[in-house]
């Protein structure tokens with residue numbers, strides 16, 4: 001599995017339509033998708049899964065006219081393409097690419113039905129004519145991050161959670177990650193942030209930004225309910241090594257000011273950025289830390305534009321830009 005900053009063929013999205021994912025706040029959400037698509041098509045093609053009927057019609061009306069947009073008649077239960085979509089792999093030089101179809105259970109069976117989402121990866125494989133590997137275990141794309149050299153970031157709270165694969169040990173989980181191309185050296189963090197219904201997805205906590213550099217979210221206020229978990233994760237990263245046993249550079253990102261909706265704290269984090277060809281899309285939460293996050297990521301990605309897009313409404317669905325995107329890696333030439 002290549003790193004996210006390596007060249008893409010395209011980005012894949014699922015068009016939003018499940019109002020229960022943004023109860024009382026769904027109306028602005030399709031426009032958030034449209035803004036993201038307008039940004040991404042400046043840099044790479046975008047494929048959108050929209051089924052048929054009204055969902056397809058809305059996607060077509062809002063973004064179908066844009067260059068490099070393809071809308072597919074693939075229905076979904078929800079819009080979190082990072083988690084129900086395929087994981088794209090590249091092979092040796094000149095070999096055809098492939099994808100992995102992990103099982104999906106809506107983050108431990110929290111949000112049924114998810115029968116359509118479980119079929120997405122297989123349908124994408126057929127659309128692209130790609131070989132499809134099926135490990136037979138549950139794993140969401142947001143639960144892992146890789147450096148493309150063999151190192152994997154994840155959390156114990158998610159991958160060792162009994163609501164995913166209760167019969168698998170830590171060693172067995174690591175074997176699946178190795179055998180299906182994710183990586184052979186796992187860096188385990190602990191727990192996720194408050195409000196994260198995914199049980200600690202890594203893309204709300206820490207991300208590779210180069211083969212030996214990781215950005216991680218930190219909370220400066222010891223009284224904040226995220227302080228301890230993020231401090232523990234920082235400590236683990238500072239002691240971690242890469243796949244060759246070398247030390248890792250750890251760069252910190254601030255947490256935004258707490259974001260609430262109906263008295264519920266949302267899992268808002270700047271580490272939920274998405275890296276596309278030539279651009280990094282960074283969630284913005286209308287607070288002073290927005291600029292710090294943008295400046296930090298601009299320094300770490302000097303060859304890319306760093307674009308901040310408003311994510312306050314999107315976060316009410318309990319995820320932002322990384323959660324709704326999935327990169328299709330360019331085959332090795």
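Here, each number is a calculation from the coordinates, and none is a lab measurement. Worth saying up front: this structure is predicted, and the values here are computed from it rather than measured. Please note: Cβ atoms are built from the backbone with ideal geometry, for glycine as well, and neighbour counts cover all protein chains shown.
Considering only beta bridges that DSSP places wholly inside the range 80-208, some 35 percent are antiparallel. If you wrap the tightest convex hull around every Cα atom of the range 250-305 and split its volume per residue, you get 83 Å³. With Rh defined as the Kirkwood radius, the inverse of the mean 1/r over Cα pairs, the Rg/Rh of the range 160-212 is 0.98. Applying 1/(1 + (r/R0)^6) with R0 = 22 Å to the Cβ-Cβ distance of residue 6 and residue 95 gives a FRET efficiency near 0.90. Annotation: the antiparallel percentage among DSSP beta bridges lying fully within the range 1-143 is about 20.
Need one word for the range 223-333: rounded, prolate or oblate. Basis is the Cα gyration tensor (sqrt eigenvalues a ≥ b ≥ c); a/c below 1.5 gives rounded, then a/b vs b/c decides. Verdict is oblate for the range 223-333.
Legend: ranking of residues 205, 159, 89, 297 from fewest to most surrounding C-beta atoms inside 10 Å; resulting order 89, 297, 159, 205. Using the rule -39500 (n - 2.57) for each DSSP H run of four or more residues, divided by the residues of the chain, the 222 nm mean residue ellipticity is -6500 deg cm²/dmol. With the simple spin-label model, which puts each label point 7 Å out from Cα in the Cβ direction, the residue 27 to residue 210 separation comes to 4.6 nm. The alpha carbons of the range 121-229 give a radius of gyration and a Dmax of 15.3, 52 Å, in that order.
Across the chain, the relative contact order, built from alpha-carbon pairs under 8 Å that are at least six residues apart, equals 21 percent.
How high is the relative contact order of the range 142-296, in percent, counting Cα pairs under 8 Å that sit 6 or more residues apart?
Details: 288 pairs, mean separation 32.2, N = 155.
Result for the range 142-296 is 21 percent.
Here the residues 249, 6, ranked from fewest to most Cβ neighbours within 10 Å of their Cβ, fall in the order 249, 6. Distance between the 7 Å Cα→Cβ label points at residue 223 and residue 70: 5.4 nm. With the simple spin-label model, which puts each label point 7 Å out from Cα in the Cβ direction, the residue 115 to residue 103 separation comes to 1.8 nm. Here 312, 182 are placed in order of increasing Cβ neighbour count within 10 Å, fewest first, which gives 312, 182. Once the C-beta distance of residue 134 and residue 260 is scaled by a Förster radius of 56 Å, the resulting FRET efficiency is 0.90 to the nearest 0.05.
Among bridges DSSP assigns within the chain, what percent are antiparallel (round to 5)? The antiparallel fraction comes to roughly 40 percent.
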